[in-house]
Amino acid sequence: MGSDIDRALEAVLMVADEPQGIVHLATAVGAPVADVQQAIDRLVADYDGFDVNAEPTGIRRGFELREVGGGWRFYVRPEHDELVTDFVLTQNPTRLSQAALETLAVIAYKQPITRGQVASIRAVNVDSVVRTLLGRGLITELFADAETGAINYGTTELLLTQLGINSLDELPQISPLLEDGAEGFDGDIR
């Protein structure tokens with residue numbers, strides 16, 4: 001029975017993006033809290049390289065099961081932080097669609113800005129693109145408008161890191177890229 005709970009906990013914890021409390025985990029795997037606590041203890045020891053008798057196994061995993069904020073979650077071991085950070089940020093970049101890049105540019109240059117204002121500028125519905133950008137941590141909800149309740153969005157530090165800049169002031173000026181509006185007019189306009 002113990003290994004069934006252990007494997008079930010591993011499966012649940014693998015997809016958890018926030019620390020999970022013992023009671024919540026017990027509910028998720030349908031087991032008593034005491035059994036779940038014992039399973040957590042076994043998993044922690046196993047990942048740290050010890051067997052059930054606290055004897056070293058020689059196999060210490062690159063991740064650990066850590067209790068943080070009243071819950072349990074998988075974390076990369078500190079000695080692998082730099083490697084994993086490099087992999088996530090540079091070795092395995094996730095590509096954004098053209099629509100996401102355009103929406104991100106509008107938000108970066110016009111923030112704080114509402115979803116409706118972005119849609120107006122882009123002339124398309126941006127709901128799913130904004131959800132994607134929020135999910136990737138490139139934009140965040142800044143505040144809700146007091147009158148309309150519309151959420152205003154802005155960029156995050158992660159975007160600055162991804163772009164390799166320290167502040168939005170380092171973004172290139174957009175005005176030289178825009179047309180001056182005189183195209184199609186001949187001669188003197190009064």
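Any residue that is touching a residue at least 24 places away in the same chain (Cβ under 8 Å), touching a helix residue (DSSP H, G or I) at 6+ places or on another chain (Cβ under 7 Å) and surrounded by fewer than 16 Cβ atoms within 10 Å (Cβ to Cβ) - is there at least one of those in the range 75-92? For the range 75-92, residues touching a residue at least 24 places away in the same chain (Cβ under 8 Å), touching a helix residue (DSSP H, G or I) at 6+ places or on another chain (Cβ under 7 Å) and surrounded by fewer than 16 Cβ atoms within 10 Å (Cβ to Cβ): present. Does the range 140-150 contain any residue that is assigned to a helix (DSSP H, G or I) and surrounded by fewer than 16 Cβ atoms within 10 Å (Cβ to Cβ)? Checked the range 140-150: no residue is assigned to a helix (DSSP H, G or I) and surrounded by fewer than 16 Cβ atoms within 10 Å (Cβ to Cβ). Could you list all residues from the range 1-58 that are part of a loop (DSSP other than H, G, I, E, B) and in contact with a helix residue (DSSP H, G or I) (Cβ under 6 Å, 6 or more places away or on another chain)? Residue satisfying the conditions is Ala31 alone.
If you go through the range 102-159 and keep only what is under 23 Å from Gln173 (Cβ atoms), more than 16 Å from the chain's Cα centre (by Cα) and free of Cβ contacts under 8 Å to residues at least 24 places away in the same chain, you end up with Glu102, Ala105, Val106, Lys110, Gln117, Ser120, Ile121, Arg122. In the range 145-158 there is at least one residue that is modelled with pLDDT under 90, among the aliphatic types (A, V, I, L, M) and touching a Leu at 6+ places or on another chain (Cβ under 9 Å).
For the range 46-62, how many residues meet the condition of being open to solvent by 70 Å² or more (accessible area, probe 1.4 Å) and closer than 19 Å to Met14 by Cα? Number satisfying all stated conditions: 2.
The values are calculated or read from the model by the stated rules, or taken from the named source; none is laboratory data. On a predicted model such as this, the values are computed, not experimentally measured, just so you know. Cβ atoms come from the backbone with ideal geometry, glycine included; neighbour counts cover every protein chain shown. Areas reflect the complete protein model, heavy atoms only, side chains present, ligands, DNA and RNA absent. Shrake-Rupley method; radii C 1.70, N 1.55, O 1.52, S 1.80 Å.
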